[in-house]
Amino acid sequence: MADSKGYISKTELETHKKPDDLWISIQGKIYDVTQWSHHHPGGPLPLLNLAGQDATDAFIAYHPGIAWQYLDKFFTGYYLEGYLVSDISKDYRKLAVEFSKMGLFDKKGHGTCILLTIIALLFFICVYGVLCCDKTWVHLCCGGLMGFLWIQSGWIGHDSGHYTVMSNKNLNRLAQLLTGNCLAGISMGWWKWTHNAHHIACNSLDFDPDLQHMPFFTVSSKFFNSITSAFYGRKLNFDSLTRLLVSYQHWTFYPVMCFARINLFAQSIILLLSKRKVPNKGQEIFGILVFWTWYPLLVSLLPNWYERVMFVVVSFAVTGIQHVQFCLNHFSSSVYVGPPNGNDWFEKQTDGTLNISCSSWMDWFYGGLQFQVEHHLFPRLPRCHLRTISPFVKELCKKHNLAYNCASFWKANAMTIETLKSAALQARVLTNAVPKNLVWEAVNTHG
C-alpha cells in the first residue's frame, strides 16, 4: 500500500488498471481517472490501454496545453516512486514545447476551406454528369470522381478527428458530419473509436484494430494462434476458412481493397445499431441515413443496370486507393503483442510506422499520410506543417539511434505485399488443408 510519504510503487500503480479502478501517472503524479473515463472526449479505451502506468508522452501528444489545468481535480495526492524520464522522452517533450511556441498547433491555414470547396464542386459535377449526360463514359468518369471525392472527404474527416480544422468546435463537428457521415457513409463516431485505439496501441496485434483484418489478411504468423482482440473483446479465430483466404492474401490484397469501403459501411452501421455508447449518436445515425438516401437515389437515376453496377464498382475501386494507403503505413512495420507501454511511446510510434517519400506537389494525394511518423508523434499538428517538422523528427531519431522508416510509394507497396506473402507462405506450411497446385508452386519457387 501507499507509504506515509505519499509515494506508491510502480508495482502498486499497475494494480489500478480496471474500468472501475483506473489510475495513470503523468510527470510522476498519480491521477484517478476512473469516473472521468466515462466522459473522456477520446473515449475510455485510450485510458484503459494506458492504465496503471506512466502516460506522460501520450498525454502530451493528444492534449493542448490548456488541458494541464484540469488534471488537479483527479490528483490522488500520491507520487510515483522512482519516477525517471528517459533521454528520448525528454527530447520529445522539448520538441513538443518548441512546436507549441512556434504556434504550429494553432496555424491551420486555409486548406480545409479550399478542399471543402473542391469537394462541393466535384459533387456537383458528378450529379450533373449523371442527370444531364447520356454518355456511358461520362457516367463512369462520374463514378471515378465520386471515389476521388470520398478520398478527399476522408482526409477532412481524419483531420477533424484529431484537431479543430474549422474556426470553432461547432463548425468542426458540422464538417465531420458532412464529409464523413453524409457524404461518405462512414460514422465519425466509429472512426474516432477505432482510430484512437490505433494511435495509442500502434501496431499491437491484439490492441490495434487496424491490424485485425481476419479472415482476409494477417500481417504476422502470431495471428495463427487465434489471439484475443483486446479491442473487440473476442477471440480472432484462425480457422480453416481464414487459413484459406490468408494463404492467397498477397494476390487478393488489391482486389479486396477495391471493395474495402463495404467493410467501413458495415462497421459504421453495426456500431450505431449496437448498445455501445456513441457520442451524438442521433447525429451520427441521421448523417448515415442522409448518405443512404442520396447515393442509392443517384445510382438509380442511371439509365440501366450495367451503368449502375459499373458506377458503384468504379467509385469503390478509386476510393480503394486510400485504403491501400492506410495499409502501406503500417502493414510492413514492426509489430508486437500486448498493451502499449507509456515508457517507450516515442519508440513504439516510430517503429510501427512508415513514411512515404514524395515531392511537396503530391501532398494532396497522400493527405498527410506520407508523414506518418510525424503524425503519430504529433497527432494534433495540422498536416500543412508535417513537412516542416520532418527534419526535426528525423534528427531526433538519428540522435537516439532509432530508425526513421521511409520508402517510395512503389517500394512501400512492394514491402506490404512481401509482408502479406510471408504470412501467406507460413499459413500454407502450417497445414495441408490448403491444396497447392502447379501454378502456385511455379510462382513461389525459390532458387
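The values are calculated or read from the model by the stated rules, or taken from the named source; none is laboratory data. Everything numeric in this text was worked out from a predicted model, so none of it was measured. Here the Cβ is made from the backbone with ideal geometry for all residues, glycine too, and neighbour counts use every protein chain on show. Side chains are part of the model used for accessible areas, which takes the heavy atoms of the whole protein and leaves out ligands, DNA and RNA. Shrake-Rupley method; radii C 1.70, N 1.55, O 1.52, S 1.80 Å.
Filtering the stretch 55-71 for residues that are of a type in the set (Asp, Glu) and over 20 Å from His162 (Cα atoms) leaves an empty set. For first residues located in the stretch 125-139 and farther than 15 Å from Arg308 by Cβ, partners that are open to solvent by 70 Å² or more (accessible area, probe 1.4 Å) and not hydroxyl-bearing (Ser, Thr, Tyr) and lie 6+ apart or on another chain with Cβ distances below 6 Å do not occur.
Note on the stretch 335-347: among residues that are surrounded by 23 or more Cβ atoms within 10 Å (Cβ to Cβ) and assigned to a helix (DSSP H, G or I), the one that is modelled with the lowest pLDDT is Gly342. Taking the conditions exactly as written (in a strand (DSSP E or B), at pLDDT 95 or above and on the phi < 0 side of the Ramachandran plot), does Tyr31 satisfy them or not? Yes: the conditions hold for Tyr31.
Residues in the stretch 314-334 that are open to solvent by 50 Å² or more (accessible area, probe 1.4 Å) and either out of contact with any Gly (no Cβ under 9 Å at 6 or more places or on another chain) or of a type outside the set (S, T, N, Q) (or both): 2 in all. Could you tell me whether any residue of the stretch 51-72 is part of a strand (DSSP E or B) and out of contact with any Pro (no Cβ under 8 Å at 6 or more places or on another chain)? Within the stretch 51-72, one or more residues are part of a strand (DSSP E or B) and out of contact with any Pro (no Cβ under 8 Å at 6 or more places or on another chain).
Of all the numbered requirements in (1) aliphatic (A, V, I, L, M); (2) closer than 16 Å to Gln27 by Cβ; (3) within 23 Å of the chain's Cα centre (by Cα), Leu115 misses one, and that requirement is (2). Taking the stretch 270-288 as the range and being assigned to a helix (DSSP H, G or I) and surrounded by 13 or more Cβ atoms within 10 Å (Cβ to Cβ) as the test, the residues that pass are Leu271, Leu272, Lys281, Gln283, Glu284, Ile285, Phe286, Gly287, Ile288. For Gly367, the conditions (1) of a type outside the set (A, V, I, L, M); (2) under 19 Å from the mean Cα position of the chain (by Cα); (3) surrounded by fewer than 16 Cβ atoms within 10 Å (Cβ to Cβ); (4) on the phi > 0 side of the Ramachandran plot are fulfilled apart from (3). Just a yes or no: is a residue in the stretch 92-113 β-branched (Val, Ile, Thr) and closer than 25 Å to Leu13 by Cβ? No, the stretch 92-113 contains no residue that is β-branched (Val, Ile, Thr) and closer than 25 Å to Leu13 by Cβ. For the stretch 129-150, the criterion of being open to solvent by 30 Å² or more (accessible area, probe 1.4 Å), among the hydroxyl-bearing types (Ser, Thr, Tyr) and under 27 Å from Gly180 (Cα atoms) is satisfied by no residue at all.
When you go through Lys411, Lys394 one by one, which is the residue that is farther than 30 Å from Val246 by Cα, modelled with pLDDT of 95 or more and surrounded by fewer than 17 Cβ atoms within 10 Å (Cβ to Cβ)?
Going through Lys411, Lys394 in turn, just one is farther than 30 Å from Val246 by Cα, modelled with pLDDT of 95 or more and surrounded by fewer than 17 Cβ atoms within 10 Å (Cβ to Cβ): Lys394.
Only helices (runs of 4 or more DSSP H) whose full extent lies in the stretch 177-269 are considered here, and the ones with at least 3 residues that are closer than 24 Å to Asn341 by Cα and open to solvent by less than 10 Å² (accessible area, probe 1.4 Å) are 188-200.
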